[in-house]
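Notes follow once the structure below has been shown.
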Amino acid sequence: MATYDSDMKVRPAATWYLVPVLLWVAAIVLALVAWKPIIDLVRNGVQPVGNNASISVPSGGLTIYATRQPTGGTCTIAAGSGAPMALTTFQTDVNWSLPTNNGGTYYGLGSTPSSLSAGTYALHCTGLAPGASLGTGQRIDIGVVTRVGLLGVIVPLILGLIGLVVLIVLLVKRHNSKSRIKTMRASATNGYPGAWGGGGYPPPPPAT
């Protein structure tokens, strides 16, 4: 009877549904963590600044933006009479842009060096697109952009697809298991041999 009872259990167990759920939760959490710098940047916004103006750089640094797509423009910053320092630019194949609340778009020109000390610096940009305005925002470097693309999009997508595959496999296996159990019960009802396990015959009728 133990064998018969175990055969009547639907397999895999319903607890296996936790596997795709956990994969999807992990994908969501990973995406949120990866996108947090971008979310913070959008929330904090971009502050307009003039070319050749003095800017206050916090300890976390700044990214310099332009309202028009850069055409080879470069920017430097300098502290007082010190030598100009070039910004850490984005790769040419990375189109780093930030939508604004008023419907416009800011394009990333570059970020202050990661080792730059907080303070006041003079900003100077050349080669900007005609009519472009400048702005400053939370520092974003190419590493952050790469992590957002990898950990915020690609890896969560892979985890989501794996979770979907696992779910489909579970549904198919459980459906097949339920069908087998249904067939066994139908055989038992119709009195077919092999339905009861103990010799394959129905129990004797009750004594009268």
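Taking θ as phi - 60° and the Karplus parameters 6.51, -1.76 and 1.60, the scalar couplings of region 120-126 work out to 9, 9, 8, 9, 9, 10, 10 Hz in sequence order, x denoting glycine and proline. Per-residue 3J(HN,Hα) values for region 80-86, derived from phi via the Karplus relation 6.51 cos²θ - 1.76 cosθ + 1.60 with θ = phi - 60°, read x, 8, x, 5, x, 10, 6 Hz in sequence order (x marks Gly and Pro). Label separation (K36 vs Y17): 3.2 nm, computed from points 7 Å beyond Cα along the C-beta direction. Phi-derived couplings, Karplus 6.51 cos²θ - 1.76 cosθ + 1.60 at θ = phi - 60°, listed residue by residue for region 147-155: 5, 4, x, 7, 7, x, 10, 5, 4 Hz, with x used for Gly and Pro.
Multiplying the residue separation of S177 and A53 by 0.36 nm and subtracting their alpha-carbon distance yields 37.4 nm.
Rule-based calculations on the coordinates, nothing more; no lab input. Keep in mind it's a predicted model, so treat the numbers as computed, not measured. Reconstructed Cβ throughout: ideal geometry from the backbone, glycine too, with neighbour counts over all protein chains shown.
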